[in-house]
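Enquirer: Dropping the structure in here first, questions after.
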Amino acid sequence: MIPHTIPTPAFVVDAAALDRNVAILARVKARTGCKILLALKAFSMVAAFDRLRARLDGVCASSLHEARLGREAFGGEVHAFAAAFSEPDFQEMLPLIDHVTFNSFRQWRQFRPLIEAAGHPIAAGLRINPEHSEGHTALYDPCAPRSRLGIRREAFEGEALDGLTGLHFHCLCEQNADVLERTLAAVEARFGDLIPRFTWMNFGGGHHITRADYDVDRLCRIITDFRARHAGMPVTLEPGEAVALNTGVLVATVLDVVVNEIPIAILDVSCTCHMPDVLEMPYRPRVYRGEAWDGSAVAPAGAEFGGEPGEKSFTVRLAGPSCLAGDCIGDYSFASPLRPGDRLVFEDMAHYTMVKTNTFNGINLPSILLRQPDGTLTLVRRFGYDDFTSRL
Ligand SMILES: Cc1ncc(COP(=O)(O)O)c(C=O)c1O
């Protein structure tokens, strides 16, 4: 397929970019001896798993369905964590998992007999809350006041730890190694006396390891030093975003341009259906005009990026086709007006965005394409009416 003729809206994931990310993660593993899992919640594109499974140790799953996907389509170790599990889901999950992390002593006690009768070893651990917050957005801060995520130190009083083998914390979000260092210090300050009772430690996700300014050396030093302090204790990381960071784009076509004080370009990409984090987080995606786009995750030299409103001659609001009045991606400016038929490319849409799409208003889901390392575009999936109706 030729880039400027692909059906839109479409996610296009770039295999070469995934390879680059996973090579960085593999180097962290080699230097520290840690395990790295793919957090499926961030990236579940089965067609890309072939590129990841050889260099990652498995997956972390947040539900029965992710655990099943991990076991059937990815392989390696399957770790599970959820704020709470239902008994039927847990029963079904048992044959699929190697590790499970509980969010309360009550759930551990409830499911311990099932784990012990599972017929294969399942390592059980607890998610802890070190009460150390460096998150800028409360929505993504597991250590925010009254958070339900992770067990605070005071809740350990009087609880038996026999049968449990590890501790897990997940407190970071798109952060660098300095935040991990301070978070780990908080973990050791609160839970340090308990750590020797366990045989593994999971540092969660949120490590932006593949971002250009990420301090990989510092991460490796933190892991190596932690392991040295704790008798070589195995450490696991479970990044999602870092695996798929900057590996895919969402391509849109302008359907119409209406005017209400400023021009408003209505795209075939809906913010609420296809990029809900733009509204939820919220954030402003980077976007460029698609004429010279070659299918890759990296913008072509000279691509015209949308500027701040007023920065270039023509300011335009980019918006979606749904009924939601606030289905707006943001106000951008370009050197010339947008016209129906023009293409736009939104950057860095492979992680979270793809897994969070929905069919509100009956709006079709974006197609999914994979760009092979030789530049060929392969259509992985095109959606239609059945995908809308079969869910409801
Ligand atoms: C328990 C847990 N592990 C791993 C992750 C993956 O985080 P990220 O995609 O930011 O690396 C998350 C994300 O919410 C999480 O909740």
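Enquirer: Out of residues 5 or more away from Lys41 or on other chains, whose amide H comes under 5 Å of its own, with H placed 1.01 Å from N in the peptide plane?
Expert: Ser62
Enquirer: Let me ask something additional. Counting only DSSP beta bridges with both residues in the chain, tell me the antiparallel percent, nearest 5.
Expert: Of the beta bridges lying entirely in the chain, close to 45 percent run antiparallel.
Enquirer: Residue-wise, which Karplus ³J(HN,Hα) couplings in Hz belong to segment 150-167, taking 6.51 cos²θ - 1.76 cosθ + 1.60, θ = phi - 60°, and x for glycine or proline?
Expert: Running phi through 6.51 cos²θ - 1.76 cosθ + 1.60 with θ = phi - 60° gives x, 8, 6, 4, 4, 6, 7, 4, x, 8, 7, 10, 4, x, 8, 10, x, 10 Hz.
Enquirer: Also, I was wondering about something else. Which ³J(HN,Hα) values, rounded to whole Hz and listed in residue order, are derived for segment 16-31 from phi using the Karplus coefficients 6.51, -1.76 and 1.60 in 6.51 cos²θ - 1.76 cosθ + 1.60 with θ = phi - 60°, glycine and proline given as x?
Expert: So the Karplus estimates, Gly and Pro as x, are 5, 5, 4, 4, 4, 5, 5, 5, 5, 5, 5, 5, 4, 4, 5, 7 Hz.
Enquirer: In nanometres, what is the gap between the two model label sites at Ala160 and Arg148, each 7 Å from Cα along Cα-to-Cβ?
Expert: It works out to 2.8 nm between the two label points.
Enquirer: While we're on this one: Which GluC sites (Glu not before Pro) does segment 202-284 hold that lie in a coil by DSSP with at most 12 other beta carbons within 10 Å?
Expert: Glu261
Enquirer: Please compute the modelled spin-label separation between Glu304 and Leu194, points set 7 Å along Cα→Cβ, answer in nm with one decimal.
Expert: It works out to 5.8 nm between the two label points.
Enquirer: Calculate, for Arg229 and Gln372, the FRET efficiency according to 1/(1 + (r/R0)^6) with r their C-beta to C-beta distance and R0 56 Å; round to the nearest 0.05. Could you put the intermediate results ahead of the total?
Expert: Working: r = 44 Å, r/R0 = 0.79.
Between Arg229 and Gln372 the formula returns 0.80.
Enquirer: Report, ordered by chain and residue number, the lysines lying within cross-link reach of Lys312, taken as a straight Cα distance under 19 Å and ignoring same-chain residues fewer than 8 apart.
Expert: none
Enquirer: Quick check: residue separation of Asp50 and Ala26 times 0.36 nm, minus the Cα distance between them. What number comes out in nm?
Expert: Extending this stretch completely gives an extra 7.1 nm.
Enquirer: Restricting to DSSP loop positions (anything but H, G, I, E, B) with no more than 11 other Cβ atoms inside 10 Å of their own Cβ, which trypsin sites (Lys or Arg not before Pro) remain in segment 78-153?
Expert: Qualifying residues, ordered by number: Arg146, Arg148.
Enquirer: Hey, another quick one. Roughly how large, in nm² to one decimal, is the mean projection of the convex hull of the alpha-carbon atoms in the chain?
Expert: Its Cα hull, projected and averaged over all orientations, spans 20.4 nm².
Enquirer: A follow-up question, please. For the chain, modelled as a Gaussian network with Cα springs under 10 Å, which listed residue fluctuates most, Ala350, Ala83, Ala252?
Expert: The residue that fluctuates most here is Ala83.
Enquirer: Okay, next question. Give the residue list of GluC sites (Glu not before Pro) in segment 153-196 that are DSSP loop and have at most 10 other beta-carbon atoms within 10 angstrom.
Expert: Glu157
Enquirer: Along segment 48-62, what does the Karplus equation 6.51 cos²θ - 1.76 cosθ + 1.60 (θ = phi - 60°) give for ³J(HN,Hα), rounded to whole Hz, x for Gly and Pro?
Expert: So the J values, rounded to whole Hz, are 9, 4, 4, 7, 10, 5, 5, 10, 10, 8, x, 10, 10, 10, 10.
Enquirer: Just how much of Cys60 is accessible, in Å², when a 1.4 Å probe is used and the result is rounded to the nearest 10?
Expert: Roll a 1.4 Å probe over it and Cys60 shows about 10 Å².
Enquirer: Quick one: if the Förster radius is 22 Å, what FRET efficiency do Met281 and Arg182 give, using the C-beta to C-beta distance and rounding to 0.05? Mind showing how you got there, number by number?
Expert: On the way: r = 23 Å, r/R0 = 1.05.
Using R0 = 22 Å, I get an efficiency of 0.45.
Enquirer: If the elastic network links every pair of Cα atoms under 10 Å, which of Leu52, Leu40, Leu279 fluctuates the most in the Gaussian network model of the chain?
Expert: Residue with maximal mean-square fluctuation among Leu52, Leu40, Leu279: Leu279.
Enquirer: According to the square roots a ≥ b ≥ c of the eigenvalues of the Cα gyration tensor, what is the shape class of segment 1-110, taking rounded for a/c under 1.5, prolate for a/b larger than b/c otherwise, and oblate for the remainder?
Expert: oblate
Enquirer: Same structure, new question: Check Leu369: other-chain or 5+ apart residues with amide H under 5 Å from its amide H, H built from backbone geometry?
Expert: Placed amide hydrogens put Phe11, Val12, Val13, Val380 under 5 Å from Leu369.
Enquirer: Moving on. What is the distance, in nm, between label points placed 7 Å from the Cα along the Cα-to-Cβ direction at Ser86 and at Ala118?
Expert: According to this spin-label approximation, the distance is 2.0 nm.
Enquirer: Grab the other residues whose beta carbon is less than 10 angstrom from that of Ser367, score K and R as +1, D and E as -1, and report the net.
Expert: +2
Enquirer: Just how much of Cys328 is accessible, in Å², when a 1.4 Å probe is used and the result is rounded to the nearest 10?
Expert: 40 Å²
Enquirer: So with the 1.4 Å probe, I'd like the accessible area per residue for the chain, rounded to whole Å². Could you put the intermediate results ahead of the total?
Expert: On the way: 16730 Å² over 392 residues.
On a per-residue basis, 43 Å².
The values are calculated or read from the model by the stated rules, or taken from the named source; none is laboratory data. What you see is a predicted model, and the numbers here were worked out from it, not measured in a lab. Methodologically, a virtual Cβ is constructed for each residue, glycine included, from the backbone with ideal geometry; neighbour enumeration extends over all protein chains shown. When the accessible area is computed, the model is the full protein with side chains, heavy atoms only, and any ligands, DNA or RNA have been set aside. Shrake-Rupley method; radii C 1.70, N 1.55, O 1.52, S 1.80 Å.
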